[in-house]
Amino acid sequence: MNKPSIKNRIAYYNLFGAAALVLLVFVVIYRIVWVGVVYDVNHDLQEEINRHTGFVASQVHFEKMSEDGEWKEIEHNRDKGNPVFVEIFDADGKVLQKSANLKNRNLVLHHKKDTAHYVDAKIGKIDIRQMQAPLVNNGVLKGYVVIGMSITDHYSVMESLRMVLLLAYPAVLILLFFLTRFIAGKSMEPVFSIISSTKQITDNNLSTRITLPENKDELYTLATAINDLLGRVESVVVREKQFTSHASHELRTPLAVIKGTLEVLIRKPRTAQEYEDKIRYCVNEVNRLTTIADQLLTLTRFESSKEVVNLRQLAIDELILETLERHSPEIEKRSLKVDFKFEDHFYVQSDVFMTGVIIDNLIGNAIKYSNEGGIVQVSLSASGEYINCVITDSGIGIAQADLSSIFDQFYRSEAEEHTEIKGTGLGLAIVKRYCDILGILLNINSKKNEGTTVVVRFPVFKG
């Protein structure tokens with residue numbers, strides 16, 4: 001069974017609440033009217049009772065139970081049009097006098113009730129409300145008076161009111177349902193607009209955004225959140241497309257070079273030295289492919305959150321020495337001078353593998369982009385809860401306009417101007433990601449043709 005729409009559900013929920021509220025209001029109205037009617041009848045009965053009891057009590061010498069002419073009053077001689085029924089009993093409960101409109105009927109005396117007492121009863125087909133009171137003269141009980149008044153008209157009014165309320169109840173609820181449904185529909189129009197706009201957004205037009213409502217309410221917040229989500233999705237899709245395009249290009253280039261070299265090599269017989277040179281060239285391209293594949297695998301682990309962090313004590317100075325020793329052939333080849341001196345061990349809290357990748361990439365870049373015969377300086381210093389590692393080179397530097405993009409994947413500043421410098425554009429992207437994971441602070445300052453300074457702040461080991 002299909003569930004009702006949200007518009008109908010809102011109408012139903014409001015209907016249930018309104019049904020309970022309207023029912024309560026109708027019951028209260030009915031009870032208030034009934035109490036008012038009863039109060040008027042009781043007041044009239046009390047006046048009649050007071051008149052009889054006052055008459056008996058006022059006699060200095062008790063002579064009679066009722067005033068002269070009492071029984072000739074019109075209301076005591078008719079049984080229609082608001083009649084008043086009166087019956088007087090002696091102290092033993094025997095009837096002494098009664099109004100003519102009672103005829104052969106009698107009011108009921110509750111003999112044990114010595115105080116005012118209200119009772120609803122019937123005289124024939126007439127509904128009455130009666131009250132009785134003792135007649136006392138000079139402290140002596142002389143009898144009882146019972147007075148009844150017709151409440152047939154009052155019952156008729158209450159019955160009419162009850163019928164009106166019973167008929168009005170479902171009519172009001174039906175009206176409220178459709179009114180609430182209409183209001184809910186109008187209130188849902190911005191939601192339908194958001195849904196319609198969202199359906200029009202595909203992977204080909206992710207730049208489209210939902211029009212924000214004029215009122216800054218919950219729907220405005222929802223639309224803003226969806227737009228923010230679309231922005232993040234668009235950014236991810238764009239990065240994925242760029243990554244795929246760059247990765248394909250970076251992989252295809254060395255493969256094309258290897259293929260071309262091998263095709264040239266097999267066209268005709270070559271000398272052993274030529275074979276050796278071409279094979280060595282292909283091996284270098286394969287090494288480049290391996291490096292790209294390793295870096296792509298590292299980035300993939302980032303995206304799938306599979307990178308495991310193992311924090312422990314690490315001597316950063318020893319790691320730097322190992323990195324410099326690993327790059328020593330290139331340092332000697334380019335006649336670079338490396339200035340790295342330290343008097344004590346500097347211990348940091350980090351992951352050995354990730355920190356090794358960070359140091360290797362940063363020092364490797366300083367060596368790779370330094371000019372022939374230049375200087376690479378590495379220094380370590382303690383500062384509060386951090387160990388500062390500063391790597392400075394006097395190489396080609398980075399233009400100010402490019403500094404904001406150096407951590408983007410496959411980005412290489414002015415790569416076309418320096419084709420002799422090989423690279424993939426993935427190193428700094430991996431370095432930045434590792435720094436973020438390990439809580440390492442990274443800052444790079446550079447000026448074109450003057451060199452680059454990298455400041456890396458490692459958390460101190462807290463053993």
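Data table
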{"item": "Simple spin-label estimate for Val25 and Ile375 in nanometres, 7 Å along Cα-Cβ", "result": "9.0 nm"}
{"item": "Sparse-neighbour loop sites [trypsin sites (Lys or Arg not before Pro); region 59-145; at most 16 other C-beta within 10 Å; DSSP]", "result": "Lys64, Arg78, Lys80, Lys94, Lys103, Arg105, Lys112, Lys113, Lys125"}
{"item": "Three-way shape label, region 4-123, alpha-carbon gyration tensor, a/c 1.5", "result": "prolate"}
{"item": "Of all accessible heavy-atom area on the chain, the percent that carbon and sulfur account for (1.4 Å)", "result": "57 percent"}
{"item": "Under 5 Å, built H, 5+ apart or other chain: amide partners of Leu314", "result": "Val348, Ser350"}
{"item": "Restraint check, Lys341/Lys448; Lys259/Lys337; Lys3/Lys216; Lys268/Lys333; Lys337/Lys448, Cα-Cα greater than 32 Å", "result": "Lys259/Lys337; Lys268/Lys333"}
{"item": "Karplus-derived HN-Hα couplings along region 277-285 (A = 6.51, B = -1.76, C = 1.60, θ = phi - 60°), whole Hz, x at Gly and Pro", "result": "5, 5, 5, 4, 5, 5, 4, 4, 5"}
{"item": "5 angstrom amide H check on Tyr144, placed H, neighbours 5+ away", "result": "Phe89, Asp90, Leu135"}
{"item": "For Leu380, net neighbour charge (Lys/Arg +1, Asp/Glu -1) across residues whose Cβ lies under 13 Å away", "result": "-3"}
{"item": "Range in the chain, longest, excluding exposed GluC sites (Glu not before Pro) [loop by DSSP; at most 16 other beta-carbon atoms within 10 Å]", "result": "74-213"}
{"item": "Fully extended contour minus Cα-Cα distance, from Met163 to Ser58, at 0.36 nm per residue", "result": "33.0 nm"}
{"item": "Separation between Cα centres of region 64-105 and region 363-389, rounded to whole Å", "result": "123 Å"}
{"item": "Probe 1.4 Å, accessible area per residue of the chain, Å²", "result": "60 Å²"}
{"item": "Mean Cα-pair separation over length for the chain, i.e. relative contact order, pairs under 8 Å, 6 or more apart, %", "result": "10 percent"}
{"item": "Charge tally in the Cβ shell below 11 Å around His76, where Lys, Arg are +1 and Asp, Glu are -1, His76 excluded", "result": "-3"}
{"item": "Label-point separation in nm, Tyr281 to Lys447, each point 7 Å along Cα→Cβ", "result": "4.1 nm"}
{"item": "Karplus (6.51, -1.76, 1.60) ³J(HN,Hα), θ = phi - 60°, over region 153-163, in Hz, Gly and Pro reported as x", "result": "5, 5, 4, 5, 4, 5, 5, 5, 4, 4, 5"}
{"item": "Amide H contacts of Val338 (H built 1.01 Å from N, under 5 Å, at least 5 apart or other chain)", "result": "Val376"}
{"item": "Gain on full stretching of the segment that runs from Tyr13 to Asn104 - 0.36 nm per residue minus C-alpha separation", "result": "26.8 nm"}
{"item": "Where trypsin sites (Lys or Arg not before Pro) fall in DSSP loop in region 171-234, at most 14 other Cβ within 10 Å", "result": "Lys216"}
{"item": "Computed lengthening from Phe182 to Lys216, 0.36 nm per intervening residue step minus Cα-Cα distance", "result": "10.0 nm"}
{"item": "Region 359-375 - phi-based ³J(HN,Hα) in whole Hz, Karplus 6.51/-1.76/1.60, Gly and Pro as x", "result": "5, 4, 5, 5, 5, x, 5, 4, 5, 5, 9, 7, 6, 3, x, x, 10"}
{"item": "Compactness relative to 2.2 N^0.38 Å, alpha carbon Rg of region 115-243", "result": "2.64"}
{"item": "Helix-derived mean residue ellipticity, 222 nm - over the chain, DSSP H n ≥ 4, -39500 (n - 2.57), to 500", "result": "-17500 deg cm²/dmol"}
{"item": "More than 31 angstrom apart: percent of Cα pairs within the chain", "result": "70 percent"}
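The values are calculated or read from the model by the stated rules, or taken from the named source; none is laboratory data. Note that the coordinates shown come from a computational prediction; the quantities given were computed from them, not determined experimentally. Neighbour counts are summed over all protein chains in view; Cβ atoms, including those assigned to glycine, are modelled from backbone coordinates with ideal geometry. What goes into the accessible areas is simple: the full protein's heavy atoms, side chains included, and nothing from ligands, DNA or RNA. Shrake-Rupley method; radii C 1.70, N 1.55, O 1.52, S 1.80 Å.
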